[in-house]
1. Given all pairs of different Cα atoms, what value in angstroms does the Kirkwood hydrodynamic radius of region 101-186 take?
2. Net charge within 11 Å of Glu58 by Cβ-Cβ distance, Lys/Arg positive one each and Asp/Glu negative one each, not counting Glu58 itself?
3. Give, as a single signed number, the net charge of other residues whose beta carbon lies under 15 Å from the beta carbon of Arg514, with Lys and Arg counted +1 and Asp and Glu -1.
4. Normalised radius of gyration for region 159-237, please: alpha carbon Rg relative to 2.2 N^0.38 Å, two decimal places.
5. With the dipole of region 287-382 worked out from charges on the C-beta (+1 for Lys and Arg, -1 for Asp and Glu) around the Cα centre, which of Val362, Tyr380, Val328 lies farthest toward the positive end?
6. Can you sort Tyr96, Tyr441 by 1.4 Å-probe accessible area, starting with the largest?
7. Cα atoms only, region 261-371: Rg and Dmax in Å?
8. How large, in Å, is region 1-140 by the Kirkwood hydrodynamic radius built from its alpha-carbon pairs?
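The values are calculated or read from the model by the stated rules, or taken from the named source; none is laboratory data. In this text, all values refer to a predicted model and were calculated from it rather than measured experimentally. Virtual Cβ from ideal backbone geometry, glycine too; neighbours counted across all protein chains shown. The accessibility values were calculated without ligands, DNA or RNA, using every heavy atom of the protein model including side chains. Shrake-Rupley method; radii C 1.70, N 1.55, O 1.52, S 1.80 Å.
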Amino acid sequence: MPLEKESVAILLGNEAIARGAYEAGVAVATGYPGTPSTEVIEALARAPDVWVQWSPNEKVALEVAIGASFAGARALVAMKHVGLNVAADPLLTFCYMPVKGGTVIVSAGDPGMFSSQNEQDNRHYGRMARTPVLAPSDSQEAKDFTIAAFDISEHFSAPVILFTTTRLSHGRSTVSLDKRTKPSRTLEFVPRIQDFVMVPANARKRHPIVEQRLDALREYAESCQFNKIELKDRDIGFVTGGIAYQYVKEAFPEASVLKLGLAYPLPKKLIADFASQVDRLFVVEEGDPFWEQEILSMGIPAIGQGLSGACVFPRTGELSADIVRRAVGAHLGTEVSFEEEPQEALPLRPPTLCAGCPHRGVFYVLAKCRLNVTGDIGCYALGASPPFNSLHTCTCMGASIGEAMGLEKAMGREFSRKTVAVIGDSTFLHSGIAPLIDVVYNRGTVTVVILDNGTTAMTGHQDNPASGRDARGELAPRVDLEALVRACGVKDVSVVDPYDLEDTEMAIKGAVSRGEPSVVIARRSCALTCGTARPPVRFLSERCIKCGNCFRIGCPAMEKEDGRPRVNETLCNGCYMCVQLCKSGALAEQEA
């Protein structure tokens, strides 16, 4: 978080959102780490006078923010796009309630799926929840829109979704800074049963109010300062917003543009007015043809992702100025001239687990034992890659255990003796506890391996309830995973060091053979955070028989040279798993 004395800073979009929340007087900020949203909470964790926390999952994070709002405090909750699926249950009911303290929900989408399992477009949540959606296009707007979102939330008594994408979240630009606004109201909680208790009788009364609020928001959209017409060349006009606005401006700087900063609800009169002033209307948006559908439903001809005919802009992946130029040029049948940047051919670099990653030992064992493996969201999804090829499903956070249970019920218990569910410590706390209880309650025999590396590694090593530290890195109570799984009803619980391949193999084989719910906790700190790397492996070339066993662990520190291993000492951190695989003694631990 930049210092108060600074007037301008170069910020990530996520940092700018955090700055905007800070200047707006946010009191409570919650979230669950997920790329590309993570830095919002990390930046706020450095700010004074704000309660900041990582929650076990996005649903809990939103519920904490809702509670703060009940007291009149301004609250922000941040998550990636799929996280809003987890939080959708409280969101859709919260939208029936009057919002007392402004509440902003940061939903970071990931067009192109750089770090996600789908490309869902969360503008749809705004329409479904009848709540406004703002879409900034650069870091300055990310800050300004966040401040405005709190005001809009309180004025219309509705939560506001701040919709961003990877390029906005992780792009940098200059941001003007102001001082923090101190809340003027006194915080208090006044019970309002008809407003805050959404039993059917009360919810029925609130729903018409929600629809009236949406009508008011539609009127507001017509004059909203974030919706702007930029009239220039009127041969073609673009309706766009968010980061796509930057692509349009770069590709066609002289074209007319209607920029939609308020992504939902749309300003129908403003759109109609703009459309009447240009010869051809293009709709440029990442994700779904959300705006295109709305505009076509108004009876306005528009060219976009093909809802009215030929598809001009791609329906998948991330846009760019180049893609917009080519798409429009191809549609108009004209050559669009521009200077292409030279592209150098880069060597392929497939993703792999880090050298010394404790998950590597587990997946080596799972591959060796030829087990069916239901997987989860985390670094360990790389277990699906060579040389292991030992992660056979990956759907969403916490799904591995439920999917293993479903396989058992469909295929029988003998199949379950060949099946393991793998899940990380943070993911287990996020959404793995309930399916584990389901296994016990419904008399399953599923074996679960909890990959406990003491952090939320995939998103950048954020802490979680099992790490013993909070969002600010301060000591916090640590969840005892062994006690937790036993409390779920699992009696067969063991803990192994995944660097010990033999012990890990024995534990997993024993667990799948017992015919009862079993949990193996593979505990070893992430290789990037433990800070206790041992000396690199020694290679004794005279003993090497070129058997290739050492390469079966797939470690990037073990390079091949003339059929023999060559230890990259820069990468090797002394996990010595390769030493355990070398039967000729050519690989050895460093002598003390």
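1. On the way: mean 1/r = 0.0712 Å⁻¹.
One decimal place: 14.1 Å for the Kirkwood radius.
2. On the way: positive: Lys59, Lys80; negative: Glu63, Asp89.
Charge balance in the 11 Å sphere: 0.
3. Values: positive: Arg413, Arg417, Lys418, Arg443, Lys491, Lys509; negative: Glu408, Glu414, Asp492, Glu516.
Summing Lys/Arg as +1 and Asp/Glu as -1 gives +2.
4. On the way: Rg = 20.2 Å, N = 79, 2.2 N^0.38 = 11.6 Å.
Ratio of Rg to 2.2 N^0.38 Å for region 159-237: 1.75.
5. The listed residue farthest towards the positive side: Val362.
6. Numbers: Tyr96 60, Tyr441 165 Å².
Correct descending sequence by accessible area is Tyr441, Tyr96.
7. Cα radius of gyration and Dmax of region 261-371 are 22.6, 68 Å respectively.
8. Values: mean 1/r = 0.0658 Å⁻¹.
It works out to 15.2 Å.
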